[in-house]
Structures are given as C-alpha cells and as structure tokens.
Amino acid sequence: MSETYVNNISKFNLWVTASRPKTLPAAVTPVIVGSAIAGFEHKFNLVPAAFALVISLLIQIATNFVNDLYDYLKGTDKPDRVGPQRLLTSGLISPKEMKSAIYFTFGLAFLLGLYLVWLGGWIVLLIGVLSIAAGIGYTAGPFPFAYNGLGDIFVFIFFGIVATVGTYFVQALSFSPLALWASVPVGLLITNILVVNNYRDADEDKEANKKTLAVRFGKSFARSQYLLSIVVSYAVLFVIYFEYKTTAWVFLPFFALPLSVKLIKMIYTLTGSPLNKTLALTGIFSTIYGLLFAVGLLL
C-alpha cells in the first residue's frame with residue numbers, strides 16, 4: 001500500500017470527523033418525516049426527496065465546517081476543550097483548507113438545489129438561499145446566532161420547520177398543515193442535540209463570551225429545556241392523531257420512550273466529557289423518533 005494512498009485515506013478520515021457525523025441525524029430526520037407526510041397524502045416523489053436529502057446533508061456539513069472555522073478564529077475552541085477535539089485547533093486542517101471546503105460544500109448544495117427550484121419555483125430558491133445564509137450566520141458575520149443565544153431558534157426553524165415542510169413541498173408542490181405540525185417534534189428533538197452541546201460547554205462558552213441559552217439562563221434552564229422539548233414532542237402526536245384522523249400507528253414513537261427517559265436521566269446527572277455520549281444518543285433518539293413517526297404515518 002503506497003504512502004500516498006494511506007495519506008489520502010487519513011485525510012478523508014479527517015474530513016469525515018470534521019463533518020461531525022453525530023450531528024447528521026439533524027439533516028436526515030426532517031427529510032424522512034417530510035417524505036412520510038407526502039406519502040400519507042399520496043404525494044410522495046422519490047427523486048425530489050433524494051435531492052432534498054443530499055442537499056440537507058450538504059448544508060448541515062457545511063454549517064459544521066463554518067462552526068469549526070469561526071469557533072477557531074474567535075478562540076472559542078481550545079486544545080483542552082471538554083467536547084471532541086476540533087481539527088483546526090489541533091492543526092490537522094488549516095483555515096485555508098476549511099474555507100475551501102465551505103465554499104465547495106455550500107456551492108454543491110446550491111447547484112443541486114437548482115433542480116428543486118426548477119420544480120418548485122422561487123419559493124424553493126428563497127428557502128435554499130436563506131438556509132445557506134443561516135448556516136453561515138450561525139457562527140460567522142457581525143451577529144452570529146450561536147454567540148447571541150439564537151442558535152436554538154435557528155436550529156428549530158431551519159432543521160425543523162423549513163427542512164420538514166420544505167421536503168414535503170418539493171414533492172407535493174403545495175403546503176400542508178400536517179407537515180407544519182410534524183415539524184415541531186422534529187425541530188425540538190434536533191434542537192436538543194444543540195442543547196446538550198451547549199450544556200456541556202457552558203463554562204467554556206462563558207469564558208469565550210459565547211452567550212448560548214445555557215450561559216445566559218444557566219444549566220438548570222438547559223436541563224428543563226431538554227425535558228420540555230421531549231414532552232412536547234410526544235404531546236404533538238395526540239394533536240396529529242385527533243386533528244388529522246390518523247391511525248393509532250402514529251403513536252409508534254412511544255416505543256422510543258425508554259431511551260428518552262434514559263437521556264433525561266443522563267442530562268440531569270452527568271457533566272463534562274461523559275455528556276459526549278448523551279450528545280450522540282440524542283442524535284440517535286431524534287432519528288429513531290422520526291423513523292417511527294414516519295412508519296406510523298405510512299401504516
């Protein structure tokens with residue numbers, strides 16, 4: 001095996017790490033749920049759904065790259081951080097390489113999105129441009145969302161409402177109130193990934209003047225937010241069942257209730273690096289919930 005081949009494999013693995021695989025359920029779950037609603041209403045279209053999935057993943061990865069770059073430039077990420085080590089801070093990837101990766105990933109998402117614009121018109125273009133702009137503005141720009149306590153709202157809106165309703169729209173080419181309701185638990189559970197991250201890093205973020213909600217209102221608030229998001233996510237199922245006359249299969253996500261209880265116990269008892277496992281499981285839980293919800297709708 002040549003040294004060049006080994007180096008290429010190592011570099012590829014670095015970029016996989018930089019994409020933050022544990023956060024990628026945030027890109028997959030809304031597409032699954034949005035597509036399931038399209039199926040429930042007999043409007044599912046495979047090709048737009050596939051494009052929406054790839055574009056969602058690209059925007060999530062590019063947003064992670066932007067986050068990595070600007071947390072490094074602002075000095076927020078330090079070598080002794082509690083969370084997983086960032087590659088820029090470690091010197092394994094240069095800022096120039098990261099900037100190139102950001103341009104490439106966002107650019108590819110935009111180019112692929114032109115197909116969905118062709119299908120859905122100017123509103124899809126607006127959604128795409130706003131999503132990319134928000135991904136950049138999450139940690140970059142004069143008023144970065146993540147540094148001013150708006151990160152949670154950003155995630156809920158763009159990875160919950162926009163991604164779920166948008167996935168439905170590019171298939172059905174119409175709006176669905178059911179898709180809007182379904183986006184609520186999707187957005188809340190994906191936001192919980194950020195809640196765990198900010199809860200774990202609250203002390204470091206405070207030193208770096210990164211004013212997340214966990215820093216502004218305290219760790220107790222973050223724990224309560226996490227719990228409330230799970231409770232509301234299950235409560236929405238009853239609204240959907242009674243309002244949209246679905247079958248009892250829509251309650252399938254309750255099979256994931258034991259995992260949600262475990263996660264609540266973890267965030268109320270763990271601190272520091274052990275919360276990295278909670279972070280990963282929160283992402284898994286959001287995906288399991290979304291899959292069960294989607295299957296329940298289709299059944």
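So residue 265 passes all but one of these: (1) among the charged types (D, E, K, R); (2) farther than 30 Å from residue 72 by Cβ; (3) buried (at least 18 other Cβ atoms within 10 Å of the Cβ). Which condition number does it fail?
(3)
Need pairs with beta-carbon distance below 6 Å; first residue aliphatic (A, V, I, L, M) and surrounded by fewer than 22 Cβ atoms within 10 Å (Cβ to Cβ) and within segment 59-85, second in a loop (DSSP other than H, G, I, E, B) and modelled with pLDDT of 65 or more; sequence gap 6+ or separate chains.
82/272; 82/273
Please state which of the following conditions residue 13 fails to meet, knowing it meets all the rest: (1) at pLDDT 95 or above; (2) part of a helix (DSSP H, G or I).
That leaves (1) as the condition not met.
Give me the pairs: first residue in segment 20-38 and over 16 Å from residue 246 (Cα atoms), second residue surrounded by 24 or more Cβ atoms within 10 Å (Cβ to Cβ) and of a type in the set (Phe, Trp, Tyr), beta-carbon distance under 6 Å, and six or more apart or on different chains, which are they?
26/159
Working only within segment 247-276, note down all residues that are in contact with a helix residue (DSSP H, G or I) (Cβ under 9 Å, 6 or more places away or on another chain) and farther than 24 Å from residue 293 by Cβ.
The answer is 268, 270, 271, 272, 273, 274, 275, 276.
Conditions first: (1) in contact with a Leu (Cβ under 9 Å, 6 or more places away or on another chain); (2) surrounded by fewer than 18 Cβ atoms within 10 Å (Cβ to Cβ); (3) in a helix (DSSP H, G or I). Residue 227 passes all but one, so which condition is the exception?
(1)
Conditions (1) farther than 26 Å from residue 188 by Cβ; (2) modelled with pLDDT of 95 or more; (3) over 17 Å from the mean Cα position of the chain (by Cα); (4) of a type in the set (Lys, Arg), marked per residue:
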residue	(1), (2), (3), (4)
111	yes, yes, yes, no
149	no, no, no, no
152	no, yes, no, no
164	no, yes, no, no
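Give the residues of segment 166-192 that are aliphatic (A, V, I, L, M), part of a helix (DSSP H, G or I) and surrounded by fewer than 24 Cβ atoms within 10 Å (Cβ to Cβ), sorted by residue number.
172, 178, 180, 184
Suppose we filter segment 202-213 for residues that are modelled with pLDDT of 95 or more and closer than 18 Å to residue 269 by Cβ; how many remain?
Selection size over segment 202-213: 0.
For the condition part of a helix (DSSP H, G or I), without any contact (Cβ under 8 Å) to a residue 12 or more places away in the chain and not aliphatic (A, V, I, L, M), what is the one hit in 254, 242, 293?
242
How many residues, within segment 138-183, are on the phi > 0 side of the Ramachandran plot and not aliphatic (A, V, I, L, M)?
2
Just for segment 65-88: of the residues that are in contact with a helix residue (DSSP H, G or I) (Cβ under 6 Å, 6 or more places away or on another chain) and in a helix (DSSP H, G or I), which one is modelled with the lowest pLDDT?
The selected residue is 87.
Say we look at segment 131-155 and pick out the residues that are of a type in the set (Val, Ile, Thr) and either in contact with a Pro (Cβ under 7 Å, 6 or more places away or on another chain) or assigned to a helix (DSSP H, G or I) (or both); which of these is surrounded by the most Cβ atoms within 10 Å (Cβ to Cβ)? I'd like the intermediate steps shown before the answer.
Narrowing segment 131-155 to residues of a type in the set (Val, Ile, Thr): 132, 136, 139, 153, 155.
Narrowing the set further to residues that are either in contact with a Pro (Cβ under 7 Å, 6 or more places away or on another chain) or assigned to a helix (DSSP H, G or I) (or both) leaves 132, 136, 153, 155.
On the way: 132: 20, 136: 16, 153: 13, 155: 24.
Among them, the one singled out is 155.
Quick test of your reading of the structure: residue 288 fulfils all but one of (1) closer than 25 Å to residue 163 by Cα; (2) in contact (Cβ under 8 Å) with a residue 40 or more places away in the chain; (3) among the β-branched types (Val, Ile, Thr). Name the failing condition by number.
(2)
Please indicate, with yes or no, whether at least one residue in segment 119-130 is of a type in the set (Phe, Trp, Tyr), in contact with a helix residue (DSSP H, G or I) (Cβ under 9 Å, 6 or more places away or on another chain) and either surrounded by fewer than 20 Cβ atoms within 10 Å (Cβ to Cβ) or assigned to a helix (DSSP H, G or I) (or both).
no
The values are calculated or read from the model by the stated rules, or taken from the named source; none is laboratory data. Being a predicted model, the structure only gives us computed values, none of them experimental. Cβ sites come from the backbone with ideal geometry, for glycine too, and all protein chains shown count toward neighbours.
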